[in-house]
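Contents: one structure, followed by commentary.
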Amino acid sequence: MFVGELPVPRIQFHRSLAELKDKLLAMAALSQQALDAALDGYFKSDASLCHYVYENEPAINSAERELDEMAYDLLAMQQPMAIDLRFILAVIKINSDLERIGDQSVNIARLTEAVLDEPKVELPVDIEAMGEFSVSMIRMAVQSLLEADTDLAERVLVMDDVIDDMNRKAHGALMKVMEAGSPAAMQALNALIIARNLERISDHATNIAEDVIFWVRGADVRHKLTTFSE
């Protein structure tokens, strides 16, 4: 049976792809909420926000399993054409990156709780700026996914070098605080690890952007824009 120019099974398949994309965007929202709460908890020294991150983690893990199962079912039961196949493969990879963002948000929450009882000290690093930059990268990567916008995805790739530089500078400055035997050494160590987590979160945003480009253009930007035929 045909409806318009597509057979009914193909229409159902494309509906399934749309549902898969919606679920992935919902997963992205959960991961972004976890990161926002973890960073707010750190800057505001708020234990309740840390607990929210912990409570949010099972929902992220459950969403990851559901997405993977749906994606693999579509691969097993359908014969997707090139662009649809790339989309499903991209979803599986992006899903994993979003779950890791949730894990790193938990890391930040735990590091925050470790110094909640410590008096606030001034550190020679702007963790807040790093956090805002990482959040911006995630939002842009997800937006590029929503709109299939490879130009926006490429902007995320360029931003990765900036966050890497911010992390290197933070590492150098915080190591000096620790080596000096400052009373702030513990907080400096935590800030150093948080900076590293933010850099990793930004790597996941970069991965998402690369997968969007792979899906839309059939180009693997990790390997000199190798293109695939439709």
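Quick grid of which residues meet (1) touching a strand residue (DSSP E or B) at 6+ places or on another chain (Cβ under 7 Å); (2) surrounded by fewer than 14 Cβ atoms within 10 Å (Cβ to Cβ); (3) in a helix (DSSP H, G or I); (4) among the hydroxyl-bearing types (S, T, Y):
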| site | (1), (2), (3), (4) |
| --- | --- |
| L24 | no, no, yes, no |
| Y52 | no, no, yes, yes |
| D73 | no, yes, yes, no |
| D84 | no, no, yes, no |
Give just the number: which of (1) farther than 28 Å from V156 by Cα; (2) of a type outside the set (D, E, K, R); (3) outside any loop (DSSP other than H, G, I, E, B); (4) in contact (Cβ under 8 Å) with a residue 12 or more places away in the chain does L39 not satisfy? (1)
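Do we have any residue at all in segment 95-116 that's part of a loop (DSSP other than H, G, I, E, B), at pLDDT 95 or above and among the small types (G, A, S)?
Within segment 95-116, the subset part of a loop (DSSP other than H, G, I, E, B) is 115-116.
Now narrow it down to the ones that are at pLDDT 95 or above: none.
Checking segment 95-116: not a single residue is part of a loop (DSSP other than H, G, I, E, B), at pLDDT 95 or above and among the small types (G, A, S).
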Identify all residues within segment 131-148 that are closer than 25 Å to N107 by Cβ and either outside any helix (DSSP H, G or I) or aromatic (F, W, Y) (or both); write none if there are none. F133
Can you pull out the residues in segment 167-198 that are over 18 Å from G41 (Cα atoms) and either in contact (Cβ under 8 Å) with a residue 24 or more places away in the chain or buried (at least 21 other Cβ atoms within 10 Å of the Cβ) (or both)? N167, K169, A170, H171, A173, L174, K176, V177, P183, A184
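The values are calculated or read from the model by the stated rules, or taken from the named source; none is laboratory data. As the structure is a computational prediction, the values presented were derived from the model and not from experiment. Cβ sites come from the backbone with ideal geometry, for glycine too, and all protein chains shown count toward neighbours.
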